[in-house]
1. Restricting the search to the range 54-73, which residues are of a type in the set (A, V, I, L, M, F, W, C) and surrounded by 11 or more Cβ atoms within 10 Å (Cβ to Cβ)?
2. Under 6 Å between Cβ atoms, which residue pairs at least 6 apart in sequence (or on different chains) link something in the range 111-135 that is buried (at least 22 other Cβ atoms within 10 Å of the Cβ) with a partner that is part of a strand (DSSP E or B) and among the aromatic types (Phe, Trp, Tyr)?
3. Answer yes or no: is there a residue in the range 183-194 that is modelled with pLDDT of 95 or more and exposed (fewer than 15 other Cβ atoms within 10 Å of the Cβ).
4. Just checking, does the range 74-83 include any residue being β-branched (Val, Ile, Thr), within 20 Å of Leu163 (Cβ to Cβ), outside any helix (DSSP H, G or I) and in contact with an Asp or Glu (Cβ under 9 Å, 6 or more places away or on another chain)?
5. So which of Ala47, Ala28 ends up being under 22 Å from Gly122 (Cα atoms), under 19 Å from the mean Cα position of the chain (by Cα) and without any contact (Cβ under 8 Å) to a residue 40 or more places away in the chain?
6. Out of all the residues in the range 2-29, which are within 22 Å of Trp109 (Cβ to Cβ) and at pLDDT below 95?
7. Find all pairs meeting these conditions: Cβ atoms under 8 angstrom apart; at least six residues apart or on different chains; first residue within the range 1-19 and over 11 Å from Ala74 (Cβ atoms); second residue among the hydroxyl-bearing types (Ser, Thr, Tyr).
Amino acid sequence: MSRVSVEAASADRFADVQHALAGGGDGASCQCQWWTLTNAQFSAATAEERRRMLRDEIDAGSPPGLIAYVEDVAAGWVRVGPRMRQPRLERTRAFASVSGQPWDDASIWAVTCFAIRKEHRGAGLNAVLLDAAIRLARDGGARILEAYPIDPEADRRHTANSLFHGVLSTFLAAGFREVGRSRPDRVVVALDLDG
């Protein structure tokens, strides 16, 4: 069995973040900025500008995500942090109409994006990253951890690249409860961290 570890994204690990994001899908161009920008801002920014934005987030000291390592090589990424730092969530009707939580509550965190390198997909890294994200949120003072996974059982047309939100079964296995759905395959889930 491969040795897996998870570390917070930090300035000295930026090359590892880039390696994780560049393993297939849209990670290399998105730079996990989709949730931090409005649609107009995202469209106007180049991939290099988004990379600098992610670098600035990481350099600010509060890690916006975690890196999974397989045998000491960066294999995956998850974005996790206060929901208020991801303003597109509030602007996304599919989530805003279902969440039920006030959008200005700093104690609500969100898990919004997974990127797993192609050679490591199907190995359970999303679950490992989610467990680490739960710990980070709890240690960071989060009261609720929210997420927006896809239910591929409700719509099998999803490709691996469209599952960057994560899949519902991973969140349910980690103890999240379903809050509601904006459509059959789009789910809002939450984990209460107070207890």
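The values are calculated or read from the model by the stated rules, or taken from the named source; none is laboratory data. Worth saying up front: this structure is predicted, and the values here are computed from it rather than measured. Note that we place each Cβ from the backbone using ideal geometry, even for glycine, and neighbour counts take in every protein chain shown.
1. Leu54, Ile58, Leu66, Ile67, Ala68, Val70, Val73
2. Pairs that qualify, where the first residue is buried (at least 22 other Cβ atoms within 10 Å of the Cβ) and the partner is part of a strand (DSSP E or B) and among the aromatic types (Phe, Trp, Tyr), are Ala115/Trp77; Asn126/Phe114.
3. Yes, that holds for at least one residue.
4. Checked against the condition, which is being β-branched (Val, Ile, Thr), within 20 Å of Leu163 (Cβ to Cβ), outside any helix (DSSP H, G or I) and in contact with an Asp or Glu (Cβ under 9 Å, 6 or more places away or on another chain), the range 74-83 yields no hits at all.
5. From the options Ala47, Ala28, the qualifying one is Ala28.
6. Within the range 2-29, Gly27 is the sole residue that qualifies.
7. Filtered contacts from the range 1-19: Val4/Tyr69.
Listed here are the residues, each with its yes/no results for (1) within 26 Å of Leu54 (Cα to Cα); (2) among the aliphatic types (A, V, I, L, M).
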| position | (1), (2) |
| --- | --- |
| Glu90 | yes, no |
| Ala94 | yes, yes |
| Leu129 | yes, yes |
| Leu163 | yes, yes |
| Leu193 | no, yes |
